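The values are calculated or read from the model by the stated rules, or taken from the named source; none is laboratory data. Please read these numbers as outputs of a predicted model, since none were measured by experiment. Cβ atoms come from the backbone with ideal geometry, glycine included; neighbour counts cover every protein chain shown.
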Amino acid sequence: MTQLYLKPIEGTHIFSNRITGECYRHNFSLDEKDNDQEQYVISLPLNTWSINPSFFIGLFLKSVEHLGETKFRDKYKFSCIESYLFENIEQGICDCIESLT
């Protein structure tokens, strides 16, 4: 599994804004990664407070749309210490699915 590190912009502890998520998507080349056979671990910094749904949608909506929920979950794993961040991630996945229906 290949690690992708979410690094905060300008020292913030919150990942927010759909456009920012789209920038991370571009920087990670996720359009290409969605089509390869690799699995990826998205690592969040220890001092992360939140992942805003709009950021998550900007980062992963196209992946969820392209792969579907099951393959998305198989391809992209998330690494963080705080359990509430997993709740943010789950909400982000649900929001992506909801916005596609």
Output the residues belonging to the range 1-19 that are closer than 16 Å to ILE89 by Cα, of a type outside the set (A, V, I, L, M, F, W, C), out of contact with any helix residue (DSSP H, G or I) (no Cβ under 6 Å at 6 or more places or on another chain) and outside any loop (DSSP other than H, G, I, E, B).
TYR5
Surrounded by 14 or more Cβ atoms within 10 Å (Cβ to Cβ), free of Cβ contacts under 8 Å to residues at least 60 places away in the same chain, under 19 Å from SER16 (Cα atoms) and of a type in the set (Asp, Glu): is that true of GLU82 in this structure?
yes
State the number of residues belonging to the range 25-52 that are closer than 19 Å to SER99 by Cβ, at pLDDT below 95 and either outside any loop (DSSP other than H, G, I, E, B) or aromatic (Phe, Trp, Tyr) (or both).
1
Unmet requirement for PHE72, which otherwise passes all of (1) aromatic (Phe, Trp, Tyr); (2) within 22 Å of ILE9 (Cα to Cα); (3) touching a Ser or Thr at 6+ places or on another chain (Cβ under 6 Å):
(2)
Taking the stated definitions as given, is GLU65 acidic (Asp, Glu), within 21 Å of THR101 (Cβ to Cβ) and modelled with pLDDT of 95 or more?
yes
Of the residues in the range 85-101 that are among the β-branched types (Val, Ile, Thr) and closer than 22 Å to GLN3 by Cβ, the one that is surrounded by the most Cβ atoms within 10 Å (Cβ to Cβ) is ILE93
